[in-house]
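S.K.: For reference, the structure I am asking about is given below.
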C-alpha cells in the first residue's frame, strides 16, 4: 500500500529502514522529543543514541499501513517486522510536525 505521508515522516521511515542513523536525526527539530518504550529522548544526540541502541539490538523494517492527519499531528499505524520477541507487531507512530521537521514522536 502506498500512503501519502508528509516528507519528514516519509524520510524518517525510509532512513529507519535503511539504518541511516545520521539521516534519521535530521528529520527532527534540534529540540525534538521521542517517547518509545517508556523512555524519553530529547534532542539530536539522544535521538541518535536511541537509534544506535535499537539498530544494534535488532534488525527490523517498518511498513506504514494507515495514516490519520489532523493539523500538525500525524498518526501512522505501521507493521514492524524483525528479529525481536513478538515480531511482527502493529505499532502506532504519533508525530508532531513543526514546519518540515518532526518535533515530537510517540511510539506505542
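The values are calculated or read from the model by the stated rules, or taken from the named source; none is laboratory data. The structure presented is a predicted model; accordingly, all values stated were derived computationally and were not measured. Here Cβ is always computed from backbone atoms with ideal geometry, including for glycine, and neighbour counts include all displayed protein chains.
S.K.: Return the residue satisfying two criteria in turn: it lies in the range 62-72 and is under 19 Å from residue 14 (Cβ atoms) and at pLDDT 95 or above, and of such residues it is surrounded by the most Cβ atoms within 10 Å (Cβ to Cβ).
M.R.: The residue in question is 62.
S.K.: Could you say whether any residue in the range 36-48 is assigned to a strand (DSSP E or B) and within 11 Å of the chain's Cα centre (by Cα)?
M.R.: Within the range 36-48, one or more residues are assigned to a strand (DSSP E or B) and within 11 Å of the chain's Cα centre (by Cα).
S.K.: Do the conditions hold for residue 75, that is, is it without any contact (Cβ under 8 Å) to a residue 12 or more places away in the chain, part of a strand (DSSP E or B) and either crowded, with 16+ Cβ neighbours inside 10 Å or touching a strand residue (DSSP E or B) at 6+ places or on another chain (Cβ under 8 Å) (or both)?
M.R.: Taking the combined requirement at face value, the residue does not satisfy it.
S.K.: Quickly run through the range 5-23 and pick out the residues that are more than 10 Å from residue 102 (Cα to Cα) and in contact with a helix residue (DSSP H, G or I) (Cβ under 9 Å, 6 or more places away or on another chain).
M.R.: Passing the criteria: 5, 11, 14, 15, 16, 19, 20, 21, 22, 23.
S.K.: Against the definition (more than 19 Å from residue 17 (Cβ to Cβ), free of Cβ contacts under 8 Å to residues at least 40 places away in the same chain and in a strand (DSSP E or B)), how does residue 68 come out, yes or no?
M.R.: Considered against the rule, which asks whether it is more than 19 Å from residue 17 (Cβ to Cβ), free of Cβ contacts under 8 Å to residues at least 40 places away in the same chain and in a strand (DSSP E or B), residue 68 comes out as yes.
S.K.: Right, next: Scan the range 92-101 and tell me whether some residue there is at positive phi and not in a strand (DSSP E or B).
M.R.: Checking the range 92-101: at least one residue is at positive phi and not in a strand (DSSP E or B).
S.K.: Return the residue satisfying two criteria in turn: it lies in the range 82-108 and is surrounded by 14 or more Cβ atoms within 10 Å (Cβ to Cβ) and more than 14 Å from the chain's Cα centre (by Cα), and of such residues it is nearest to residue 30 (Cα to Cα).
M.R.: By that ranking, first place goes to 98.
S.K.: Here's a follow-up. Out of all the residues in the range 5-30, which are touching a residue at least 24 places away in the same chain (Cβ under 8 Å), assigned to a helix (DSSP H, G or I) and within 14 Å of residue 62 (Cα to Cα)?
M.R.: 9, 12, 13, 16, 17, 24, listed by residue number.
S.K.: Also, I was wondering about something else. Given the structure, is residue 62 in a strand (DSSP E or B) and out of contact with any helix residue (DSSP H, G or I) (no Cβ under 8 Å at 6 or more places or on another chain)?
M.R.: No: the conditions fail for residue 62.
S.K.: Looking only at the range 24-50, which residues are touching a helix residue (DSSP H, G or I) at 6+ places or on another chain (Cβ under 7 Å), crowded, with 18+ Cβ neighbours inside 10 Å and modelled with pLDDT of 95 or more?
M.R.: Passing the criteria: 27, 28, 32, 34, 41, 47.
S.K.: Can you find even one residue in the range 34-48 that is closer than 15 Å to residue 100 by Cβ and in contact (Cβ under 8 Å) with a residue 60 or more places away in the chain?
M.R.: No, the range 34-48 contains no residue that is closer than 15 Å to residue 100 by Cβ and in contact (Cβ under 8 Å) with a residue 60 or more places away in the chain.
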